[in-house]
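Visitor: Please read through the structure below; I'll follow up with questions.
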Amino acid sequence: MESHSNIIKRSALRLGFDFCGISKAEFLEEEAPHLEKWLELGMNGKMQYMENYFDKRLDPRKLVDGAKSVISLMLNYYPASAKATAGEASPKISKYAYGKDYHYVIKDKLKELLQVMNEEIGEIHGRAFVDSAPVLDRAWAAKSGLGWIGKNAQLIRPKSGSFFFLAELIVDIDLETDAPMKDYCGTCTRCMDACPTQAIIGPKIVDGSKCISYFTIELKENMPEEMKSKLDGWIFGCDVCQDVCPWNSFSLPHKTKEMQPNPAILNMTKQDWEEITEEVFKNTFKGSPLQRAGFAGIKRNLSYLST
Ligand code: SF4
Ligand code: SF4
């Protein structure tokens, strides 16, 4: 008889996820002191929400009643057009934001997976998480054997890379679990050397308060003066530490039709960005992750590019 874990993995792939791994829902003992120190040192910058739910973030059983297993899923977001546009002079946008807001796309797939589990396995309760603050998704993906956490703090999968969304289903049944894999960064330090703001202060430690993604998306006020000249052309997010990673030379274009790139993102020049009005921005980027920075945020980021 097919094991429950196999049913889940087979169904996850059928629903469009690229990889699926499973781990026991338990206290993240190894990660706890790192998270505590990271917060203590203020590396979350003004992202105060990261200080909330400290206990819940480290123990899924405090987040979901009766939690027994964490099902981790990966969904490729590497766009077919990324290689062609890389290096162009137009303002840069992180590849994960090329299409529609991925939260909805992935949440729908997770709900469908839970439904299939209920049909094929039995009554299962669970909660779906997509890039949400209370869950340390990279830690769970690594624990579930989906990859290792690289020096750039991204989850890297051998021969696949790191351009993947991570999501979790925390469920109340015991499942066969996967073993973590070894770290294949070796002596490489490309990501640490390439970071424009030296935000990777040690292997696997990114000072969030120095990261371009934080400055261009999360920070609602003005950027510190010394950072304005280091944005390296980015107006939303930053992919540098992933672009330089040799494992990402294996990246293949994703096949999720709901996440096709918005043509405007691929075609807009710096002048187009400078001239766009709030109304056009709202219409063009309706349902896009760019809304997180908003029109004012994007315009602010743009204004720093010439400083
Ligand atoms: S995303 Fe960019 S700024 Fe942030 S750590 Fe990576 S290279 Fe540095
Ligand atoms: S660039 Fe090198 S050190 Fe950084 S994550 Fe990739 S393999 Fe690891």
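The values are calculated or read from the model by the stated rules, or taken from the named source; none is laboratory data. On a predicted model such as this, the values are computed, not experimentally measured, just so you know. Note: ideal-geometry Cβ built from the backbone for every residue, glycine included; neighbour counts use all protein chains shown. What goes into the accessible areas is simple: the full protein's heavy atoms, side chains included, and nothing from ligands, DNA or RNA. Shrake-Rupley method; radii C 1.70, N 1.55, O 1.52, S 1.80 Å.
Visitor: Taking into account only those residues within region 53-70 that are among the acidic types (Asp, Glu) and part of a loop (DSSP other than H, G, I, E, B), which is surrounded by the most Cβ atoms within 10 Å (Cβ to Cβ)? Quick ask: steps written out before the conclusion?
Guide: Of the residues in region 53-70, the ones among the acidic types (Asp, Glu) are 55, 59, 65.
Checking which are part of a loop (DSSP other than H, G, I, E, B) leaves us with 59, 65.
Numbers: ASP59: 16, ASP65: 10.
If we take residues in region 53-70 being among the acidic types (Asp, Glu) and part of a loop (DSSP other than H, G, I, E, B), then ASP59 is surrounded by the most Cβ atoms within 10 Å (Cβ to Cβ).
Visitor: Does ALA194 meet the test of being within 13 Å of ligand 2 (Cβ to nearest atom) and surrounded by fewer than 20 Cβ atoms within 10 Å (Cβ to Cβ)?
Guide: yes
Visitor: Going through region 261-291 one residue at a time, which ones are hydrophobic (A, V, I, L, M, F, W, C) and touching a residue at least 60 places away in the same chain (Cβ under 8 Å)?
Guide: Residues satisfying the conditions are ILE265, LEU266, MET268, TRP273, LEU290.
Visitor: Can I ask one more? Is it the case, given these coordinates, that ILE106 is open to solvent by less than 40 Å² (accessible area, probe 1.4 Å) and outside any helix (DSSP H, G or I)?
Guide: For ILE106, the condition - open to solvent by less than 40 Å² (accessible area, probe 1.4 Å) and outside any helix (DSSP H, G or I) - is not met.
The rows are residues; the columns are (1) within 16 Å of ligand 1 (Cβ to nearest atom); (2) not β-branched (Val, Ile, Thr).
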{"position": "ILE149", "(1), (2)": "yes, no"}
{"position": "PRO158", "(1), (2)": "no, yes"}
{"position": "GLY161", "(1), (2)": "yes, yes"}
{"position": "PHE164", "(1), (2)": "yes, yes"}
{"position": "ILE170", "(1), (2)": "no, no"}
{"position": "PRO180", "(1), (2)": "no, yes"}
{"position": "THR189", "(1), (2)": "yes, no"}
{"position": "MET192", "(1), (2)": "yes, yes"}
{"position": "ILE200", "(1), (2)": "yes, no"}
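Visitor: Do you know which residues across region 242-270 are open to solvent by 30 Å² or more (accessible area, probe 1.4 Å) and within 24 Å of ALA153 (Cα to Cα)?
Guide: Residues satisfying the conditions are ASP243, VAL244, PRO246, TRP247, SER249, PHE250, LEU252, PRO253.
Visitor: While we're here: For a quick check of your reading: which strands (runs of 3 or more DSSP E) sit entirely within region 145-260 and have at least 2 residues that are more than 20 Å from LEU305 (Cα to Cα) and free of Cβ contacts under 8 Å to residues at least 12 places away in the same chain?
Guide: Values: elements: 164-171, 200-202, 234-236.
Hits in region 145-260: 200-202.
Visitor: Which number in (1) away from ligand 2 (no atom under 16 Å from the Cβ); (2) farther than 17 Å from GLN48 by Cα; (3) modelled with pLDDT of 90 or more marks the one condition that GLU218 misses?
Guide: If we test GLU218 against (1) away from ligand 2 (no atom under 16 Å from the Cβ); (2) farther than 17 Å from GLN48 by Cα; (3) modelled with pLDDT of 90 or more, just (2) comes out false.
Visitor: To continue, here is another question. Name every residue in region 216-257 that is aliphatic (A, V, I, L, M) and away from ligand 1 (no atom under 12 Å from the Cβ), in order of residue number.
Guide: LEU219, MET223, ILE235, LEU252
Visitor: Within region 131-150, track down each residue that is surrounded by fewer than 21 Cβ atoms within 10 Å (Cβ to Cβ), closer than 24 Å to ALA97 by Cβ and in contact with an Asp or Glu (Cβ under 8 Å, 6 or more places away or on another chain).
Guide: Answer for region 131-150, where residues must be surrounded by fewer than 21 Cβ atoms within 10 Å (Cβ to Cβ), closer than 24 Å to ALA97 by Cβ and in contact with an Asp or Glu (Cβ under 8 Å, 6 or more places away or on another chain): ASP131, LEU136, ASP137, ILE149.
Visitor: Between ILE124, ILE106, which is within 14 Å of the chain's Cα centre (by Cα), farther than 23 Å from TRP38 by Cβ and away from ligand 2 (no atom under 16 Å from the Cβ)?
Guide: Going through ILE124, ILE106 in turn, the sole match is ILE106.
Visitor: Within the bounds of region 20-30, is there any residue that is within 25 Å of ILE200 (Cβ to Cβ) and among the aliphatic types (A, V, I, L, M)?
Guide: Within region 20-30, one or more residues are within 25 Å of ILE200 (Cβ to Cβ) and among the aliphatic types (A, V, I, L, M).
Visitor: Give region 151-163 a look and list any residue that's open to solvent by 30 Å² or more (accessible area, probe 1.4 Å) and under 13 Å from the mean Cα position of the chain (by Cα), or say none.
Guide: Passing the criteria: only GLN154.
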